[in-house]
Structures are given as C-alpha cells and as structure tokens.
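The values are calculated or read from the model by the stated rules, or taken from the named source; none is laboratory data. If you're wondering where the values come from, they're calculated on a predicted model, not measured in any experiment. We place every Cβ from the backbone using ideal geometry, glycine too, and count neighbours over all the protein chains shown.
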C-alpha cells in the first residue's frame with residue numbers, strides 16, 4: 001500500500017448547524033468509526049492503523065466535540081441529528097453501503113443511522129451501546145443519569161465523570177494497552193478533556209436515554225451485530241448491550257478487552273472486528 005494511502009487525510013463537511021471534522025485512511029470498502037461520549041476521531045487512531053490494509057477507514061469528531069464546531073455551542077444533542085450527520089458523511093464517501101463501528105454513545109448514533117438510513121449501512125457493529133432505557137431497572141438508571149447531571153452542575157466535570165464511571169462499572173484502573181500511545185492518540189486524549197463540559201451539559205442524558213428503534217432495525221437491510229467486551233460483564237454498557245441483543249433476537253459478539261477494548265489491544269480488536277464483518 002502506498003504511503004499516500006496509509007497517511008490520514010483530513011477534511012470537513014458542512015452539516016446542519018455546523019461542520020464535521022473527519023479523517024480518511026486506507027483502501028477498500030468504507031468502514032466508518034463513530035466514537036462515543038466526549039471522545040473524537042483520535043480515539044480510533046491505533047485501531048484504524050490495524051485495518052487500513054483492508055478498509056477505507058473514516059473517523060470523525062461527532063458534532064460539538066473537538067474539531068467539529070457548532071454554530072450554537074449550547075445546542076442540545078439530538079440522536080436524529082447525529083444520525084443525519086453520519087449519513088451525510090457516508091454519502092460523501094461512497095455510493096455503496098458501508099461498514100460501521102460505533103462505540104458506546106457512538107453505537108447509539110450508529111443504531112439511529114441504521115434504523116433511519118438502512119440503505120447506507122451494510123453492517124453495523126454496535127459495541128456496548130448505553131441504551132439504559134431498555135434495562136429492567138430503567139427507572140433506577142434514569143435517576144442515576146439525573147444524579148450525574150446534577151453533580152456536574154454543582155461540583156463540576158471531575159466529580160460528575162467519577163460518579164458516572166463508578167456507577168457504570170467502568171471506573172476501575174484502565175487496562176494495560178499492548179500498543180504504545182502514539183503522539184496522535186495522546187493529543188486525542190488531551191482534546192477529550194476540552195469536550196467534557198459539552199458532553200455532560202448537552203450530551204450525556206440524550207445519549208443514555210435514547211431508545212433504538214428495534215422494529216426498524218429488525219426490518220431493515222442492515223446486519224446489526226451487538227458487541228460486548230470480554231471483561232465487561234456486569235457493567236452498565238454490557239447489560240445494555242445484552243438487553244438490546246435480546247430484543248433483536250441475536251447473540252452478542254464478544255470482543256477483546258472491555259468498554260475501550262479497541263485501545264487496550266487494538267490488533268486483537270481489529271482482527272475480531274474483521275472476522276465479524278466477514279461473517280456478517
């Protein structure tokens with residue numbers, strides 16, 4: 001593969017009320033990667049490098065995060081608008097249906113995209129979507145979400161994120177990555193800190209309260225694969241993913257690592273993802 005193909009090419013796309021920043025790298029069928037929460041395209045830097053020999057990897061910053069600027073930075077996040085953004089990006093990339101990987105809140109966006117634009121998505125891997133409203137204890141989860149939000153208002157981002165991560169079961173020490181952190185990845189993690197206010201103020205509750213359109217997903221042409229981390233058992237994202245898979249009548253695909261397995265062991269995660277896409 002040529003050096004030009006291996007290097008990421010960045011650009012922006014005009015969308016409703018703002019611009020999307022995105023990066024394209026590799027060759028082959030389009031594989032769109034949608035990050036979750038306050039993260040951005042950089043969270044998939046190492047994973048993307050493991051797949052550019054087989055896919056045209058497209059990574060982007062969801063609206064309001066990092067380099068995807070909004071005309072109104074106080075805009076409440078809306079999952080239909082997020083889905084529209086992803087669809088516009090896919091239209092700009094290719095006329096053919098694409099593969100899509102969504103992680104966490106990005107999986108919620110992917111589910112919206114697949115339900116409303118099934119002709120644009122060949123296969124969606126929804127990795128640990130936090131669709132809390134599908135859980136048997138949905139009311140308890142709603143109260144938890146409001147508590148995190150109120151903690152943000154009264155005590156700030158640090159206390160709110162700590163409460164969220166502990167309550168979701170993902171607040172332990174991070175797993176040791178098998179890959180060194182690249183300068184790009186380090187920059188991405190630094191940018192995330194600048195997104196926390198927007199995420200907690202305008203994104204946390206809409207993302208967590210979003211209920212995927214299960215009927216549309218089951219009726220559409222898109223193959224939906226719900227992913228879970230092999231060490232995520234018992235966490236809120238794991239439970240939500242299992243609840244969604246049950247409604248879809250499918251069995252979750254188990255990926256290496258936990259909620260952030262794509263960074264904990266990107267090579268193993270990439271191989272599993274590739275095998276799942278081939279099987280789907």
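Annotations for the structure displayed:
- Pairs where the first residue, in segment 167-194, is under 16 Å from residue 261 (Cα atoms) and the second is exposed (fewer than 13 other Cβ atoms within 10 Å of the Cβ) and modelled with pLDDT of 75 or more, C-beta under 9 Å, 6+ apart: 169/234; 172/166
- For segment 242-280, a tally of residues being touching a helix residue (DSSP H, G or I) at 6+ places or on another chain (Cβ under 9 Å) and either part of a helix (DSSP H, G or I) or in contact (Cβ under 8 Å) with a residue 40 or more places away in the chain (or both) returns 21.
- Evaluation of residue 111 against (1) within 21 Å of residue 203 (Cα to Cα); (2) assigned to a loop (DSSP other than H, G, I, E, B); (3) in contact with a strand residue (DSSP E or B) (Cβ under 7 Å, 6 or more places away or on another chain) (one fails), failing number: (2)
- Single residue of segment 51-64 satisfying the filter (within 15 Å of the chain's Cα centre (by Cα) and assigned to a loop (DSSP other than H, G, I, E, B)) that is surrounded by the most Cβ atoms within 10 Å (Cβ to Cβ): 62
- Index of the failed condition, residue 67 passing every other in (1) surrounded by 24 or more Cβ atoms within 10 Å (Cβ to Cβ); (2) in contact with a strand residue (DSSP E or B) (Cβ under 7 Å, 6 or more places away or on another chain); (3) assigned to a loop (DSSP other than H, G, I, E, B): (1)
- Of all residues making up segment 172-201, the number that are modelled with pLDDT under 75 and more than 23 Å from residue 46 (Cβ to Cβ): 0
- Taking the criterion of being part of a loop (DSSP other than H, G, I, E, B), surrounded by fewer than 22 Cβ atoms within 10 Å (Cβ to Cβ) and modelled with pLDDT of 95 or more, the residues of segment 204-233 that qualify are 211, 213, 230, 231, 233.
- Test result for residue 106, in contact (Cβ under 8 Å) with a residue 60 or more places away in the chain and in contact with a strand residue (DSSP E or B) (Cβ under 8 Å, 6 or more places away or on another chain): yes
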